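The values are calculated or read from the model by the stated rules, or taken from the named source; none is laboratory data. In this text the structure is predicted, and so the values were computed from the model without any measurement. Using ideal geometry, Cβ is built from the backbone for each residue, glycine included, and neighbour counts are taken over all protein chains shown. With ligands, DNA and RNA removed, areas are computed over all heavy atoms of the protein, side chains included. Shrake-Rupley method; radii C 1.70, N 1.55, O 1.52, S 1.80 Å.
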Amino acid sequence: MSIKSLLLGSAAALAVVSGAQAADAVVAAEPEPMEYVKVCDAYGTGYFYIPGTETCLKIGGRVRFDLKAANSYKLDSDNGWNSRSRGEIYMDSASDTEYGALKTKFVGRFDFDNTYNDGTHTTTKLIQANISIAGFQVGLADTLFSSFTDYAGDIINDDVVSYGQFEVNQINYTYDSGTGFKAAVAVEADDTLNDAETKVVNGEDYIPNVVGGLGYSTDSFGVSVVGGYDERRDEGAVKGRVDGEFGAFSAFVMGAWSSSGKNVNNFAPGDGSGAAWGDWAAWAGVGYKVADDVKVNAQIAGTDNDTLAVAANVKWNPVSGLLIQPEVTYTSFDNKNADGDQWNGMIRFQRTF
C-alpha cells in the first residue's frame, strides 16, 4: 500500500467519526420563562401574588425610637431620660373564595428599652394572629370593646385612663351593611386581667366574656356604642362615642359607665395607677391638620375617682413614611393607689414601610 493511499484512507475514517459525533451532540434545553411577582390590587395597595398561587400577600412593618423624660402612667418617674426602640413586622394574606375573602393577619413586636430597674430589657410579643372570612374572625386581636369604638385620640399616651383591654383570644362576627351601619358581637377569653379580688387562671371554666356593639358612620360623622360583660367578676361596662370631621378639624367625645364602681373589670380597667374608674370615665379630643404634613392633637380624660390626664402633640411627616412626634402630658392622681401629679415630655421617631 502506498503512503498516498494510507493518508487518504485515514482522512476518510476521521471524517466518518467526526460526522457520527456531530450527530450525537447534546443540545441544551431552552430555559423556561421566569415567573415574576405580580401585583394584587383586589385587597388594597401593597399586596402581591405569592408565585404559583392565587393567594395575595402584604408585608410591612415599622421601626420606632421613643425618648421620654418620665412615665405618664406613674408618679415620681422623672429620674432621667428613658428610651425604647421597637420593631414590628406585619404580614397580611388574602384570597378569594365562594364565601368572600379569606384573610389572615399577623403582627409581631420586638422591644428594647432601659425603663426597667435592672437596666436594658428585651421583650418579644405577638400582637395579632387571626383568620377572618364572611364577617367572622378567630384568633388573637384587640378586644372588640376597644377596637369597635376606635380606641381614643391621636395621642401616644391615650390610655392613662384606660378605655379597655387590648390583645385577647376571641371569636367575633361583624355585620357591615355597606351603608354605614355596623353591628358586632364577640366571645373573648377572660384571662386578660388580674387583680387581688379575682385570680384569673385560663382553663378554669368554659364561660367566656361577651362583647357587643352597634355603630353608624358617614364620611364626616360617626356614632358607636359597645358593651362588655366580665363573667368572672359578674360585672361589666358600657361605652359610647361620637366623632365628627369638619374640614381640617376633627373631634370626638367618649364616655363609659362601669357596673363594678370601686373595682376594676376587663371592660373598666381603671387608670395607670391601677385604681378603678369609679362609676364612670370620659375622654374627649380634637385634631387640626395645619398642613399636608403637619397635624396637632389634644386629649383630656378623667374618672369618677378624680384621675385627670391631659396630652397634646404635633405629628410631622417631613417625608413619606417618616413621623416625628413630640408630645407633652400631664397626669393627676387622687386615689388610694396614687396621690399627686406627673408631667412627661417625649419625642417619637417612626419609620413605617
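Do we find a residue being basic (Lys, Arg), open to solvent by less than 40 Å² (accessible area, probe 1.4 Å) and touching a residue at least 12 places away in the same chain (Cβ under 8 Å) anywhere in the range 48-58? For the range 48-58, residues basic (Lys, Arg), open to solvent by less than 40 Å² (accessible area, probe 1.4 Å) and touching a residue at least 12 places away in the same chain (Cβ under 8 Å): absent.
For the criterion of being at pLDDT 95 or above, touching a helix residue (DSSP H, G or I) at 6+ places or on another chain (Cβ under 7 Å), closer than 27 Å to residue 189 by Cα and part of a strand (DSSP E or B), residue 238 fails.
For the condition of a type outside the set (Phe, Trp, Tyr), closer than 17 Å to residue 158 by Cβ and modelled with pLDDT under 95, what is the one hit in 272, 302, 285?
272
For the range 332-342, state whether one or more residues are surrounded by fewer than 21 Cβ atoms within 10 Å (Cβ to Cβ), of a type in the set (Gly, Ala, Ser) and part of a strand (DSSP E or B). I'd like the intermediate steps shown before the answer.
Taking the range 332-342 as the starting set, the residues that turn out to be surrounded by fewer than 21 Cβ atoms within 10 Å (Cβ to Cβ) are 332, 334-337, 339-341.
From what is left, the residues that are of a type in the set (Gly, Ala, Ser) are 332, 340.
Cutting the leftovers down to part of a strand (DSSP E or B) gives us 332, 340.
Checking the range 332-342: at least one residue is surrounded by fewer than 21 Cβ atoms within 10 Å (Cβ to Cβ), of a type in the set (Gly, Ala, Ser) and part of a strand (DSSP E or B).
Out of the residues in the range 313-328 that are assigned to a strand (DSSP E or B) and over 14 Å from residue 154 (Cβ atoms), state the one that is most open to solvent (accessible area, probe 1.4 Å). Ranking the qualifying residues of the range 313-328, first place goes to 328. Being at pLDDT 95 or above and among the hydrophobic types (A, V, I, L, M, F, W, C) is the filter here, so list the residues in the range 76-92 that pass it. Result: 89, 91.
Is it the case that the range 110-126 has a residue that's surrounded by 13 or more Cβ atoms within 10 Å (Cβ to Cβ) and closer than 30 Å to residue 54 by Cα? Working first, answer last.
Here is the first cut: in the range 110-126, the residues surrounded by 13 or more Cβ atoms within 10 Å (Cβ to Cβ) are 110-115, 121.
From what is left, the residues that are closer than 30 Å to residue 54 by Cα are none.
No: the range 110-126 contains no residue that is surrounded by 13 or more Cβ atoms within 10 Å (Cβ to Cβ) and closer than 30 Å to residue 54 by Cα.
Count of the range 146-184 residues, restricted to those that are aromatic (Phe, Trp, Tyr), in contact with a Lys or Arg (Cβ under 8 Å, 6 or more places away or on another chain) and over 17 Å from residue 269 (Cβ atoms), is 1.
The set of residues in the range 248-263 that are modelled with pLDDT of 95 or more and part of a loop (DSSP other than H, G, I, E, B) comprises 248, 259.
So how many residues does the range 297-307 have that are farther than 19 Å from residue 251 by Cα and in a strand (DSSP E or B)?
1
In the range 93-143, the qualifying residues are those that are of a type in the set (S, T, N, Q) and outside any strand (DSSP E or B), and the one that is modelled with the highest pLDDT is 143. Count of the range 264-285 residues, restricted to those that are in contact (Cβ under 8 Å) with a residue 40 or more places away in the chain and part of a loop (DSSP other than H, G, I, E, B), is 10. Within the range 262-269, is there a residue that is buried (at least 17 other Cβ atoms within 10 Å of the Cβ) and small (Gly, Ala, Ser)? Among the residues of the range 262-269, at least one is buried (at least 17 other Cβ atoms within 10 Å of the Cβ) and small (Gly, Ala, Ser), which makes the answer yes.
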